[in-house]
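Data first, discussion second: the structure below is written as structure tokens.
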Amino acid sequence: MKKLLYFLILALITIQTAQAHVGSSGVLMQGQAGPYKVLIDVKPPDVIPGTARITVFVETGNAEKIFVRPIYFRSGDKGAPSSDEIQPVKDQPGQFQGDIWLMERGSSSVQIQISGKEGKGEFIVPIAAVSTAQRAMPKSLGIGLSILGLLLFLLMITAIGASVSDGILRPGDVLSARQKRKRWINMGIATIVCGLILYGGSSWWNSWAHEYKEFMYKPLTGSSSLKQDGDQRVFQLKIDTTNWEGRKRGSLLSTLIPDHGKLMHVFLVRTPGLDAFAHIHPERTDSTTFQSYLPNLPAGKYLVYADIVQYSGFAETIVDTLDIPEHVLKNADLKKTAEEDTYVITDALNSPGKIPIDDNVVICGKPGTKTVFKDSSYAIWEGKPDRPLEAGKPYLLNFEVFNPDGTPTFPEPYLGMMGHVAVLRSDGSVYIHLHPTGTFAMAAEQTLKNRLSDTTRLIKRPSPKIFRDSIDRYLGKLKSMSTLEREELLMTEMGMYKTDGSAMTNMEHGNRISFPYSFPKSGRYRIFFQVKRNGQVLTGAFDAQVRDTTTL
């Protein structure tokens, strides 16, 4: 029964996987567009070609006009369509909304241009434009079109027959036997020709539908396992490349790019209580295999979410489950693949506060309450604990971090950001890795910004070996740096610091950290909040209840 339950959980989260997250297809992004601070909500279509809904919330400044246009990674700025203006929302000051067509599948971005009293500003929002659904024609529409098509078919044949008989008769004349025979012959020929045309059209349509179905987005799959290295366990993830030739995946695994300085981010969460959590960074050992030392996680069944980013900026999440057996350590000094690798144990969803306290245990909080880190500092999630959140509504998840004595503390850069958040629904059907700038991979934003300034009309796939060697050299360079040097480089590359290192451009450096997010559906959620303090990565946990307002 347990095996069946875990199989159903895995099947559910695999079916709902969409690009870089699980169950969260939209993009929320916050930042500065020139003089305007904005929050942007993009809801991409699940069918390509299709329309994406763009909502822009102008938080500071007086915006008057906003223009948007899609820019595809493959064709760049030179191959992009002209901009469309989106309109102000009635009775919602500072809010603009509109739709844009996405015609090409793959890695894309939306360019948002704002003008107003304070001047002009521009913003680039990375999105993944892929078909994840197939629309069925309504039965009533199908019947109606079939009847109309039959009538048109009969009218066409009748018209062709009349054109060689009744249509050429003089007033008062009667069709001769020869003319009647000619009419029937021509109607027969017309029936055959029209039938062939219909058959050809039907074959073309079926072929196109088959190709569409064949190239609908299918997420990467992989299998995770454990192996032993002396007294320590090693986590291993192998990406499944079965049938890749038909899917035209090509040399994808040789053209991955680092996000926050890591080629892969893996989150392990014990199910069903979501009471054990790890954030690790496996390294590539060959084209399909990634591995890293496993923290001292307790035994149980774990959900595995592995994030990677392609050279085009297209981000994906590989989903799996992993059984971790009980393990007795003989040596307390565990190795780490990356110094940022960390884990935490907390109370289960259904047993709040009921857990023995030790060095790696934190008690889960909720909005308006605090969660205490293992170094006795703590974080508070702003909000009211007795007020459920609403599904589909854009939120800023605001956290404040304090020293043990209650004074504000300023987190240190952690993988180029001031903080990270992982959001999971209780059944594992929703997972997302958030940053203070938004719900997208930072590597995707960098790639698409660079593509905007590139004048190449059609970009070519890079040489896999040359590309991979350059990435390996870059990763080796990062490893050889001190922590301070590495964080400064990552933040500079991601635009978090000005080139002189004097100030941040996209994030405020304080004890308050905000993460934009819209919960996709109702249910119970657990939020793992991570910051760095005194050189140590700290993880806290919060729970939230989300309701579906459409049923109220």
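None of the figures in this text is laboratory data; all of them are computed from the coordinates on show. This structure is a prediction, so every number in the text was calculated from the model and none was measured. Methodologically, a virtual Cβ is constructed for each residue, glycine included, from the backbone with ideal geometry; neighbour enumeration extends over all protein chains shown.
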| note | Scoring the chain by relative contact order with C-alpha pairs under 8 Å, at least six apart, yields a percentage of 16 percent
| message | Just to compare against my own numbers: the Cα pair-distance distribution for the range 23-129, 5 Å bins, whole % per bin, please. | response | 2, 13, 25, 25, 18, 11, 5, 1
| Cross-link pairs 374/479; 238/393; 238/301 - those with Cα-Cα distance over 25 Å | 374/479; 238/393
| request: Could you please rank 542, 467, placing first whichever residue has the fewest other Cβ atoms within 10 Å of its Cβ? | output: 467, 542
| query | How far is the Cα center of the range 28-86 from the Cα center of the range 366-403, in Å? | reply | 29 Å
| request: Report the FRET efficiency, 1/(1 + (r/R0)^6), for residue 410 and residue 387, where r is their Cβ-Cβ distance and R0 is 30 Å, rounded to 0.05. | output: 0.55
| remark: When 517, 293 are arranged by how many other beta-carbons sit within 10 Å of their Cβ, fewest first, they go 293, 517
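With 10 angstrom as the radius, rank 265, 327, 21, 210 by how many other C-beta atoms surround their C-beta, starting from the fewest.
With the fewest neighbours first, 265, 327, 21, 210 line up as 210, 327, 265, 21.
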| remark: Distance in nm between residue 141 and residue 478 label points, each 7 Å along Cα→Cβ, equals 4.6 nm
| field | Label-point separation, residue 465 to residue 299 (7 Å along Cα→Cβ), nm | value | 4.8 nm
| said: When a/c reaches 1.5 or more, the comparison of a/b and b/c decides; with that in mind, is the chain rounded, prolate or oblate per its Cα gyration tensor? | reply: prolate
| said: Can you give the local net charge around residue 113? Use residues other than it whose beta-carbon is closer than 15 angstrom to its beta-carbon, Lys and Arg +1, Asp and Glu -1. | reply: -2
| remark: Nearest-0.05 FRET efficiency for residue 449 and residue 152 at R0 = 51 Å, using Cβ-Cβ distance, is 0.50
| message | Counting other C-beta atoms within 10 Å, and keeping those with at most 11, which DSSP coil trypsin sites (Lys or Arg not before Pro) do you find in the range 166-266? | response | 248
| Taking the convex hull of Cα positions in the range 139-214, its mean projected area over all directions (nm²) | 6.6 nm²
